[in-house]
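Here is the structure we will look at.
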Amino acid sequence: MHSNSFKLIFLCTLVILFNFPTTKAQESHDYLNQMCSESEIPANSTYEKNLRTLFSSLSSKATAKTFFYDTVVGRNSFDTVYGMFMCRGDVPSQLCGQCVVNATHTRDSEPGCSRSIWDVIWYEECMVRYSNVPFYSKVATHPFCYKWSLANISSNPASFMSLLYNTMNQTAHEAAISGNMYSTKQANYSNSETLYCLAQCTQDLSPQNCTACLTQAIEYLPNCCEGKQGGRVLFPSCNIRYELYPFFRNVTDEALPEGIVPETKYSHTDSEYSEDPGYISHNCSTDQIINDTAFESNLKTLFSDLTSNATSGNRNSKRAGAGTLQGFFTCRVDLSRTLCGECVQNATEKIFSACGLAAEGVIWYNHCWLRYSNRSFAMETSPSYVDLNVTDTDNRVQYSSHALTLISNKLAAMADGTGQTLDKYQSGTLILNNKQRVYILAQCALDLSSEDCGACLSDMIGSAIPWTRLGSLGGRVLYPTCILRFELFQFYDLIPTTAITHPLLLAPASGKGRSRTIILILTSAIIVLGVLFTFCYYLIRRKARNNKTILRENFGHESSTIESLQFNLPTIVAATNNFSYENKIGKGGFGEVYKGILSDERPIAVKRLSRTSKQGVEEFKNEVLLIAKLQHRNLVTFIGFCLEEQEKILIYEYVPNKSLDYFLFAALWLQSMLCLDNFLRNRMYTVLELWFSRLLVGKRI
């Protein structure tokens, strides 16, 4: 009845099978900032209770497809709380609700703000605010916060800032006169770069107040974001943001149909494990060092040192120096050290052959990249290699902006996070729809600072990817100090299909040899699966035999009568939270009583007989047999027992508190039966003790 056979089969199956991923499009409501008062709410005050009521109201409204809402909770001026939430104008209703719920929970989880009288919480997709003073219809520009991109505008920043102010002022004007006080605009900055702007006000403001709020936000841009590729200003009453990638959704777009995002096609894809390092490209400076034997000697020494470091097991080498030369290599973290060493060795040989005595050079492979120079270098974006399917015309007919927003925001998040990792490496996935998943890899040279790593990758997303002209999804951008790649197939963390170092699995060139290898692999897989299933079956049968053996040894021919009442010990341990003190509901000379919940949600009362009790195994067995046969509507229902690992446990129906008259009839009825119990009176555990023990279980509950 309570066997774990099916669970065991399931666990064994998991050893063989992988979990299938969900297909819901992944989106986020990333936390941005929180500003709160130093004044705190008195514990257990009416204001605190009203605040919790307010949060419940805000969360309820947000999940009911409302994008802006303000309300008041309280009757007296000293305990009234005012609150509101606002979701970004392009956010779907479901994400709006989730964001507001997260924001209301953030207040409780932030130690410095958990008891503040007022608070403002900003997320990417919503804002939640509350206070003890009214703020509706008033422009609030404090508290505020700035955020900016780590990447700089590399060419003509003055021209960019002029375009930014003009476009943002137009966006602010349109937001102020729109029905939901939200607007977005975009403008071409160059052939490959597009500026995206967003402005929004809370809907309690008048158009004039909205304009005043946004104007002040725009005036703050030089303080935070001068010459930056992206930035934002967050006020309680309004906010603005700009980027060089499509961070917002086009609200006029229809939902993205399944599987329509076009995929970049390659003549050869590295979607399978390969030991080939995969040469991509290289770049040599035009400055050649002629007739300088010292330079040539230093260059050979540098390459030899880099190769030696790689083949000895290092995945990165930080600026190894030889004379005036500097250099480094970086291997992909998901690859073995052996493949790293082979890649660096190939790279040093090829770049020396291709570049000769060039003053500096860089070479990229699938598995690694290497750079050297006769000058010091830090984060650099040139020279670069870009492999993207770029069209001559705007792609908005082919692409849903929703897909572009998902991809660009995911890349931006990984750009921010990669520099924070120990090895400056990050991989991730993004589910687009029921048929497509994007695989992403970002990596920086190990000697870059966290900020420079973020700046390097962010520059790729803003400057190197022409978002409005992408003809298909997939490609890579390579800089001397960082790399970024995204595809609709998995190209990292690939596992060898054969153990190529094993002599039996070395595939000969002939067709017969390849067939033999395939047969060997299939045969090995079948044998492994057969062994696993056999082992699982053995465990199941052994467990079943153990349970039946315990019953036969203790209850003899009557074991079949009570087999359905037997519980195993792990089930009882789980139900009572390992017999925790919180679950304990009573205690007597016989032992302790615990409340528990079975896996099918049934509440139970567990009577755990003390190991020091005078009742032995024989008395316990007699009790189980008698209880199983004696059931009455006025007695607590007996559910089962456990006799395992020196534990003697009885399981009853859990009965909530009831008056003593509920059990009185049972006691009177029991007395009338005492005359029939003489044959049990010489036993250590009598019928009377048994019934009153059961009554005690119900009484103590």
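The values are calculated or read from the model by the stated rules, or taken from the named source; none is laboratory data. Predicted model, so just to flag it, every value in this text is computed and none were measured. Using ideal geometry, Cβ is built from the backbone for each residue, glycine included, and neighbour counts are taken over all protein chains shown.
Things to note:
- Index of the failed condition, K424 passing every other in (1) at positive phi; (2) within 17 Å of the chain's Cα centre (by Cα): (2)
- When the range 410-425 is filtered for residues that are part of a helix (DSSP H, G or I) and surrounded by 22 or more Cβ atoms within 10 Å (Cβ to Cβ), the ones remaining, listed by number, are L411, A415, T418.
- Taking the numbered list (1) of a type outside the set (A, V, I, L, M); (2) at pLDDT below 80; (3) crowded, with 17+ Cβ neighbours inside 10 Å in turn, T561 passes all entries but (3).
- Matching residues in the range 350-373 - criterion: being surrounded by fewer than 18 Cβ atoms within 10 Å (Cβ to Cβ) and in contact with a Phe, Trp or Tyr (Cβ under 8 Å, 6 or more places away or on another chain): K350, L357
- Test result for T211, touching a residue at least 24 places away in the same chain (Cβ under 8 Å), in contact with a strand residue (DSSP E or B) (Cβ under 8 Å, 6 or more places away or on another chain) and of a type outside the set (K, R): no
Yes or no, residue by residue, for (1) among the charged types (D, E, K, R); (2) assigned to a helix (DSSP H, G or I); (3) touching a residue at least 40 places away in the same chain (Cβ under 8 Å):
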residue: Y136; (1), (2), (3): no, no, yes
residue: V139; (1), (2), (3): no, no, yes
residue: H142; (1), (2), (3): no, no, yes
residue: K147; (1), (2), (3): yes, no, yes
residue: L150; (1), (2), (3): no, no, yes
residue: A176; (1), (2), (3): no, yes, no
residue: L195; (1), (2), (3): no, no, yes
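Table: residues versus (1) surrounded by fewer than 21 Cβ atoms within 10 Å (Cβ to Cβ); (2) touching a Leu at 6+ places or on another chain (Cβ under 7 Å); (3) polar (S, T, N, Q); (4) not assigned by TED's automatic domain parsing to the domain that holds S206.
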| position | (1), (2), (3), (4) |
| --- | --- |
| Y136 | yes, no, no, yes |
| N152 | yes, no, yes, no |
| N156 | yes, no, yes, no |
| M161 | yes, no, no, no |
| L164 | no, yes, no, no |
| M168 | no, no, no, no |
| G179 | yes, no, no, no |
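- Residue in the range 71-89 that is farthest from D119 (Cα to Cα), counting only those that are surrounded by fewer than 21 Cβ atoms within 10 Å (Cβ to Cβ) and either within 23 Å of the chain's Cα centre (by Cα) or charged (D, E, K, R) (or both): R75
- Flag if L205 is aliphatic (A, V, I, L, M), surrounded by 15 or more Cβ atoms within 10 Å (Cβ to Cβ) and in a loop (DSSP other than H, G, I, E, B): yes
- Test for L299: is it assigned to a helix (DSSP H, G or I), over 28 Å from P496 (Cβ atoms) and touching a residue at least 60 places away in the same chain (Cβ under 8 Å): yes
- Among the numbered conditions (1) surrounded by fewer than 22 Cβ atoms within 10 Å (Cβ to Cβ); (2) touching a strand residue (DSSP E or B) at 6+ places or on another chain (Cβ under 7 Å), the only one that M127 does not meet is (1).
- Residue selected from the range 46-70 under the condition crowded, with 16+ Cβ neighbours inside 10 Å and not in a helix (DSSP H, G or I), by the criterion farthest from the chain's Cα centre (by Cα): D70
- Just one of the listed residues (S449, S472) is among the hydroxyl-bearing types (S, T, Y) and under 19 Å from A378 (Cβ atoms), and it is S449.
- Within the range 111-124, tally of residues that are part of a loop (DSSP other than H, G, I, E, B) and either touching a strand residue (DSSP E or B) at 6+ places or on another chain (Cβ under 6 Å) or outside the structural domain of D70 (by TED's automatic domain parsing) (or both): 3
- The residues listed here are S281, S317; of these, the one that is modelled with pLDDT under 90 and assigned to a strand (DSSP E or B) is S317.
- Here G428 meets each of (1) surrounded by 21 or more Cβ atoms within 10 Å (Cβ to Cβ); (2) in the same structural domain as L478 (by TED's automatic domain parsing) with one exception, condition (1).
- Annotation note: Cβ proximity below 7 Å between a residue of the range 448-459 that is under 20 Å from G327 (Cα atoms) and a residue that is of a type in the set (S, T, N, Q) and crowded, with 24+ Cβ neighbours inside 10 Å (sequence gap 6+ or interchain) occurs for L448/T481; C453/T418; C456/T481.
- Residue count for the range 333-388 under the criterion of being of a type in the set (V, I, T), part of a helix (DSSP H, G or I) and modelled with pLDDT of 95 or more: the result is 3.
- If the condition is being modelled with pLDDT under 75 and not acidic (D, E), then the range 626-645 contributes L626, I627, A628, K629, L630, Q631, H632, R633, N634, L635, V636.
- Residue check, G97 surrounded by fewer than 17 Cβ atoms within 10 Å (Cβ to Cβ), modelled with pLDDT under 95 and more than 30 Å from T481 (Cα to Cα): no
- Residue within the range 219-235 that is at pLDDT 90 or above, under 30 Å from Y365 (Cα atoms) and in contact with an Asp or Glu (Cβ under 6 Å, 6 or more places away or on another chain) present: no
- Some residue of the range 25-38 being at pLDDT 90 or above, loosely packed, with under 12 Cβ neighbours inside 10 Å and in the same structural domain as V120 (by TED's automatic domain parsing): yes
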